[in-house]
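First up is the structure itself, then whatever we jot down about it.
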Amino acid sequence: MSTAPTEFDLIVIGAGPGGYVGAIRAAQLGLKVACVEREPLLGGTCLRIGCIPSKALLESSERFYEAQHTFAAHGIKLPEVQLDLPTMLGRKDNVVATLCRGIEGLFKKNKITRLTGHARFTGPGSISVEHAGSAAEYRAKFILIATGSRVGSLPGVAIDGQRVTSSTEALAYPTVPKTLIVIGAGFIGLELGSVWRRLGSQVTVLEYLDRILPGADAEIAAEALKLFKKQGLEFQLGTRVLSAKADGDGAVVEIADKPALRAERVLVSVGRVPNTEGLGLDAIGVQLDHKGRIPVDKHYATKAPGVFAIGDVIEGPMLAHKAEEEAVACVEQLVTGYGHVNYDVIPSVAYTHPEVASVGRTEEQLQTAGVAYRKGKFMFRANGRALAMGDADGMVKILSDAQTDRILGVHMLGPRVGDLIAEAATAMEFGASSEDLARTCHAHPTLPEATKEAALAVLGRVISS
Ligand code: NAI
């Protein structure tokens, strides 16, 4: 029998990056905290079946690709390179297990009570947690909903987990599919499409829009498209998928105004939907908005007293780090009276090769808003370190206010730009101008020098090209 207390200061529902970070921050601030999670492992989609396992596979598949295609240019000759897919998948599972165990340790260290089961509101300040046929009641002064999101689909697309799959199954195909159709050229489609392409699949990406990576800076997305095509990914843009279903030992995808396509497997990556089903929101009078999200005010408070929501279940990009920041701000606001997220500085990264990263506003957004801006660009092919790495595709682009020179947006395509974008985010958080970046001493030869050079280009005085 559990001896856990049934009264808490804060109950967090969901142990993903939003939930576990919020729970830990609240415990650090002295609250008595419980976190409810229905899955056996802590960490949520991001750790178990999202960000982390996909990055593990992106790393492994990139090494496999390099061993086959780029080592020779470095003067490294290998006998035939072979794929050991079970080992590659097993390594990914170990990375996930290590991180999930780490969160269990953090919960213990911070004296957070872990409640296993499905949480449902029974009234204001109270939830029931159902697990294996039994239910227990818990009460708290504050309850934070951090239940995240799940895979979305399209009408007519029947995800069966075998032939027509979501990202979850695409992290563990038991064999390399000869042919793979990816529906949607967003983050998931491009990342997992890249993984299986590198491992040998013939990959066709179908995208409704006439571009990839909706929301990314258009110039960067167009450059990225050229590079992905060179890697052998095939794209059909302006293509509306009507249906997809299993058919014998493969799947058939019907497309508007074009012949149907067939592949061994299909990956559906057309977005995600908030997880709000079965939460009993009716019991506390919370109604969802037109996209199924929970409406909140600027302190993440829902209409129900003492009930808050953050992350994928509320408005905004469905990104782990956005959820983390919101959870911290929400909890700090509750305890200290202060808590804030700067939504102008939320970076976003596609971990393809090369990576695509951005923070702040795109050129298109600035044009639409009528903001006068200056632009500086620097190509990685003129960066010494990128050339030494043999990885010199792409560019850094900085947009700054035409009058004040304050940086408004930074967009990158290139090696490790998912890491490089942090410098841009820091600069923007401090309200830096492009001149501030340009006058900051950067170690030579390093990739971040491309950022400095792009800042110099805004000022019209680039050195290295
Ligand atoms: P997404 O919203 O990034 O992209 C979905 C794509 O599907 C869009 O380009 C859309 O135009 C296309 N589409 C929609 N309907 C279609 C149709 N009928 N036919 C063809 N194409 C169609 O969604 P995705 O990739 O599934 O990712 C889900 C969420 O997970 C996103 O919010 C993303 O931010 C997040 N995520 C973030 C990652 C990262 O930060 N690196 C990695 C993976 C996911």
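Remark: for residue pairs Lys92/Lys178; Lys55/Lys92; Lys32/Lys109; Lys77/Lys230; Lys141/Lys303, the C-alpha separation exceeds 20 Å in Lys92/Lys178; Lys77/Lys230. Each of Asp391, Asp419 was scored by other Cβ atoms within 10 Å of its Cβ. Arranged with the fewest first, they read Asp419, Asp391. On the basis of the beta-carbon distance and an R0 of 22 Å, Ala443 and Thr98 show a calculated FRET efficiency of 0.10. Each part gets one Cα centre, and for segment 361-395 versus segment 46-125 those centres are 30 Å apart. Close amide-amide hydrogen proximity is noted between Val36 and Val12, Ile13, Gly14, Leu115, each under 5 Å apart and 5 or more residues distant or on a separate chain (H modeled in the peptide plane; Pro and chain starts excluded). If the chain linking Ser464 and Asp249 were pulled fully straight, counting 0.36 nm for each residue of separation and taking away their Cα-Cα distance, it would gain 72.0 nm. Backbone geometry of segment 240-245 corresponds, through the Karplus equation with coefficients 6.51, -1.76 and 1.60 at θ = phi - 60°, to 3J(HN,Hα) couplings of 9, 7, 9, 7, 8, 8 Hz, x marking Gly and Pro.
Taking amide H positions as modeled 1.01 Å from N, with prolines and chain starts lacking one, the residues under 5 Å from Leu267 and 5 or more places away or on another chain are Thr165, Ile181, Val182, Ile183.
Our analysis of the chain gives Rg over Rh at 0.98, with the two radii drawn from alpha carbon positions and Rh computed by the Kirkwood formula. In order along segment 145-161, the phi-based Karplus estimate (6.51 cos²θ - 1.76 cosθ + 1.60, θ = phi - 60°) of 3J(HN,Hα) comes to 8, 9, 8, x, 9, 10, 4, x, 9, 10, x, x, 9, 9, 6, 10, x Hz; Gly and Pro are listed as x.
Other residues with beta-carbon under 14 Å from the beta-carbon of Leu447 carry, at +1 per Lys or Arg and -1 per Asp or Glu, a net charge of -3.
Hydropathy first: keep DSSP H helices in the chain averaging at least -1.0 on Kyte-Doolittle, then drop any whose Cα extent along the axis falls short of 20 Å, and list what survives. Qualifying helices, which must be both long enough and hydrophobic enough, are 51-69, 85-109, 320-336. Selection among Leu47, Tyr20, Ala72 by position relative to the dipole of segment 8-133 gives Tyr20 as farthest towards the positive end (Cβ unit charges, Cα centre). Quick check: Cα centre of segment 249-296 to Cα centre of segment 427-465, how many Å? Computed from Cα coordinates, the inter-centre distance equals 41 Å. Subtracting the Cα-Cα distance of Tyr338 and Leu29 from 0.36 nm times their residue separation leaves 110.0 nm of extension gain. Cβ screening of the chain for cysteine pairs under 4.7 Å finds these without a partner: Cys35, Cys100, Cys330, Cys441.
When each of Val458, Val396 is scored by the number of other beta-carbon atoms lying within 10 Å, the sequence from fewest to most is Val458, Val396. As a proxy for reagent exposure, Ile463, Ile421 were ordered by neighbouring Cβ count within 10 angstrom, fewest first; the result is Ile463, Ile421. The simple spin-label model puts a point 7 Å past each Cα toward its Cβ; for Gln82 and Leu387 those points are separated by 4.0 nm.
Counting charges near Arg198 (Lys, Arg +1; Asp, Glu -1) among other residues having Cβ under 12 Å from its Cβ returns a value of -2.
Would you kindly state how much longer the chain becomes between Gln367 and Arg240 on full extension, computed as 0.36 nm times their sequence separation minus their alpha carbon distance, in nm to one decimal?
Answer, rounded to one decimal: 42.9 nm.
Here the chain carries DSSP beta bridges of which approximately 60% are antiparallel, counting only pairs with both residues inside. For segment 186-296, the dipole from Cβ point charges (+1 on Lys and Arg, -1 on Asp and Glu) about the Cα centre works out to 280 debye, to the nearest 20. Database remark: amide H of Phe308 closer than 5 angstrom to the amide H of Ile143, Leu144, Ile145, Thr302 (H placed geometrically; neighbours at sequence offset of 5 or more, or on other chains; Pro and chain starts carry no H).
Residues in segment 363-377 carry Karplus couplings, in order, of 4, 4, 5, 5, 4, 4, 7, x, 8, 6, 9, 10, 10, x, 10 Hz; the curve used is 6.51 cos²θ - 1.76 cosθ + 1.60 with θ = phi - 60°, and Gly or Pro positions show x.
With the charge dipole of segment 334-410 set up from +1 on Lys and Arg Cβ and -1 on Asp and Glu Cβ about the Cα centre, the Cα lying farthest toward the positive end among the listed residues Leu399, His340, Leu387 is that of Leu387. Applying the criteria of a DSSP loop state and at most 16 other Cβ atoms within 10 Å to the trypsin sites (Lys or Arg not before Pro) of segment 368-465 yields Arg439, Arg461. Suppose only helical runs count, i.e. DSSP H with n ≥ 4. What mean residue ellipticity at 222 nm does that imply for the chain under -39500 (n - 2.57) per run, divided by all residues and rounded to the nearest 500 deg cm²/dmol? Calculated at 222 nm, the ellipticity per residue is -10000 deg cm²/dmol.
Rule-based calculations on the coordinates, nothing more; no lab input. In this text, all values refer to a predicted model and were calculated from it rather than measured experimentally. Cβ: placed from backbone, ideal geometry, glycine included. Neighbour counts: every protein chain shown.
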